[in-house]
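Below is one structure, written out as structure tokens, with a few remarks after it.
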């Protein structure tokens, strides 16, 4: 009985893996070349970590450098900004900002 159960599990697993590959193969949503094109067209995004209590001051600094606030991680005191790399590099020396780092590039494990 044990051998039969393990054989069923292995067969089921193999069929799921095979059909999973087939269903993704022709799907345009999983096109590698399209994802690479989209990633290069998007503006650079950065994490801007600010000191506690200096949120408004940092917002004004970001506006003066013409950087767009895309998202905010309030508990971590981090702005996610989008804009030119040169402007973001100049932020590091601004008062109220702890550090600036590029947002990590994310991709599927299969690539």
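Could you give the length gained on full extension between residue 44 and residue 56, defined as 0.36 nm per residue of separation minus the Cα-Cα distance, in nm?
2.0 nm
Eigenvalues of the Cα gyration tensor times 5, then square-rooted: what semi-axes does that give for the stretch 42-102, in whole angstrom, largest first?
Calculated on Cα positions only, the semi-axes equal 16, 12, 10 Å.
In whole percent, what relative contact order does the stretch 42-102 give with Cα contacts below 8 Å and a gap of six or more residues?
48
Here, each number is a calculation from the coordinates, and none is a lab measurement. All values reported here derive from a predicted model rather than from experimental measurement.
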